[in-house]
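Readers should treat all values here as calculations from the given coordinates under stated rules, not as data from a laboratory. Please read these numbers as outputs of a predicted model, since none were measured by experiment. Using ideal geometry, Cβ is built from the backbone for each residue, glycine included, and neighbour counts are taken over all protein chains shown.
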Amino acid sequence: MIGKKKSSQPTLFIPGSIEDFIPRDHILKKVDRVLDLSWLRAEVAHLYCEDNGRPGIDPEAAVRLMLAGFFHGIVHDRKLMREAQVNIAIRWFAGYTLEDKLPDHSSLTRIRQRWGEEMFRRIFARTVEACAKAGLVSGETVHIDATLIRADVSWESLTDAWADETMKQNGEEPHDDHEPDKPKRGHPVTRKKHPKKRSTTDPDATLTTNNKQMRMEPCFKQHTAVDDAAGIVVDAHVTTGETSEGEQMMETIARVEATIGKPVERVTADAAYAHSRNYAACEERGIDAVIPPQRSSNTKKAMPSSRFKYDAKHQRVRCPAGQFMTHSSRIEKGMSFRMSANVCSQCPHKTACIPANAKCRSITIVDGYDALLRARRRRARWDETTADSYNRHRWRVEGAHGEAKTQHGLRRAVRRGMANVAIQAYMTAAVMNLKRLAAFFVHSLRHIAPHMRPYNAFSKTIIVYSFRRLKSA
C-alpha cells in the first residue's frame, strides 16, 4: 500500500534540544567530545579592546565554524555561512541556536587577518599535543614528504614585469630577450636565459612542477611530517613552490621534536631528500635515516665520478689511474678537487675520462659525502624492517596528502599570500588529527564504557582512563 504524507502547518516549537536531531555517529558530534578550545580566548584577548567597540564573535565559535567547513570540504567562507544557515549540525557545533543570527562571512576573514598565521599554528599544535596525550604519537618513526598546492591565480596574471621591477630595485638591468647574451670565457652560450615569471596578484607563488612531463604552474609547497603510529600529522609548513624539500628536512625534524617533546628515532623520505648533508646531520643526531640515495649521474661523455675514490681521513681524491688530485678549493656545497693538466695529458684514460672542452679532470666532493657513501652501501642490504618502514612511508604521508586534497580542499589555495595558504594548511592538518582522535575515542568507549556507570560514561575521567588503559595495553 502506497503511503501519503499529509501536508500540515510547520511546527512552531521544536521539542527537546537541537542536539537530539543530530545523529550520534555524525563527525561533528564525535569531534565535539575531544575538541578543547577553552584556552583560545585568553590567547587572543590582547588582540581586542577591553572596553571599546562592538562585541566581536566568540573566538571558539569562529574556530569551530572554520573547522566545520573543513570537515565538510567547504573552504570558502561565503559558502560555509550559507550552509550553516540550513545545517543544524554546524550550528550546534559552533554553539548557535536556531534563533541566533550567524556572523557575516567577512568576519572570518577579518579574524584570520587579526590573529595571524602563528595563532592557527598553535591551534594545529594543540591537536598534536592532544593526540600525543592519548598515545597516538610515538615519535619512533616519522614520515616526511612535500606536496604542491596550486595558487589561486590565473595564467593571465603571470608576467615578466615582476622580475624586471625586482632587478631594478637591486640595481641590475632588466634582461632583454631580443639582445644576444654576451659570451663568457670558456663557457659557450647555447641558449638564452629568460627571467622567471611571477604572478602580479600573488607574488609569493612560484612556477614549479613535480613531473618533468607536466607544465609548470604557480604553486606553493607544503612540507608535511606524519607519525607512523596512527597517521597523526605532526608538522605542516608552507613555502614557495620552488623551495627544495631536501633543504627543509632538518628544520622539519626540529619542529616535530619541539611539538611532541621527544626526539625522533627514525625518519623516512623519498629520494628528493637524499642530500649528503641530511645523511650526515641524521648520523650526528642519532636518527635512523631511511632514505633511498639517488643514482649517480653518470654521463657517457666522461668517466663516472664513482670510479674516483675519496679519502676522508686525508681529504684527497684518487683517480682510476692511481694518481691523487693535488689542487683543491672550497665551494658553496663542498670541496672541488682538480688534477694537474700535466698528469692528465699523459694518462692512458685521457679520452674516456676528460670532457672534450677541458684540459684536466675535476671532481666535486659535497659536504657529508662519506655519510652518503654509507647510505648507498646500506641501501643495497636493507633488511625487512627497514624496507617495511619505507613502504609505510608511501601510504602514510602520501595518503595524508591525498586525503587533504580530495576530502578537505587543499588541492588549490583558497586565498592569496603565503600566510593565508599556511592557515589553510594548518586547519586542514588539525581537522585530520581531530578525526583520528575522535575515532580512537569512540573505539575506546566501546571497550571500556560498558564496564563503567551509565551516567558517567562520557565524562573526562573515563576519557583519560580509557586513553591510559589502551596505551598501557
Estimated distance in nm for a label pair at Leu98 and Ala387, the labels positioned 7 Å out from Cα along Cα-to-Cβ: 6.1 nm
Give me D for the range 305-360 in µm² s⁻¹, whole number, from Stokes-Einstein with Rh from the Kirkwood sum over alpha-carbon pairs, 25 °C and 0.890 mPa s. 205 µm²/s
Net charge (Lys, Arg +1; Asp, Glu -1) of residues whose beta-carbon lies under 9 Å from that of Arg416, Arg416 excluded, is -2
Suppose the chain between Glu247 and Cys49 were pulled fully straight at 0.36 nm per residue; how much longer would it get relative to their current alpha carbon spacing? 67.1 nm
State the dimensionless ratio Rg/Rh of the range 18-115 (Rg: radius of gyration of Cα atoms; Rh: Kirkwood radius). 0.96
Arrange the peptides 42-51, 121-130 so that the one whose residues have, on average, the most other Cβ atoms within 10 Å appears first. 121-130, 42-51
Where does the range 375-439 land on Rg(C-alpha)/(2.2 N^0.38 Å)? 1.54
Using a Förster distance of 56 Å, the FRET efficiency for Thr200-Ile2 (Cβ separation, nearest 0.05): 0.35
Pairwise FRET efficiency - Lys133 versus Lys29, Cβ, R0 = 35 Å, nearest 0.05: 0.95
As an exercise, take the mean of 1/r over every pair of distinct alpha carbons in the range 404-447, invert it, and state the Kirkwood radius in angstroms. 11.7 Å
Could you give the size of the charge dipole of the range 82-134 about its Cα centre, using +1 on the Cβ of each K and R and -1 on the Cβ of each D and E, expressed in debye and rounded to the nearest 20? 160 debye
Those residues of the range 369-404 whose amide nitrogen sits under 18 Å from the label point placed on Ala439, 7 Å along Cα→Cβ: 392-404
For the range 327-388, count the residues as N, evaluate 2.2 N^0.38 Å, and divide the Cα radius of gyration by that value, please. 1.61
Show me 248-256, 141-149 ranked by packing, highest mean number of other Cβ atoms within 10 Å first. 141-149, 248-256
Positive-end residue of Val86, Ala45, Leu98, charge dipole of the range 18-115 with Cβ unit charges: Val86
Summing Lys, Arg as +1 and Asp, Glu as -1, what charge do residues with Cβ under 9 Å from the Cβ of His105 carry, His105 excluded? +1
Estimated dipole of the range 1-134 in Debye, rounded to 20 [Cβ of Lys and Arg +1, of Asp and Glu -1, Cα centre]: 620 debye
Violating pairs (Cα-Cα greater than 29 angstrom) within the set Lys30/Lys79; Lys29/Lys405; Lys221/Lys309; Lys30/Lys221; Lys212/Lys333: Lys221/Lys309; Lys30/Lys221
For Arg379 and Arg415, FRET efficiency with R0 = 45 Å and r from the beta-carbon atoms, rounded to 0.05? 0.60
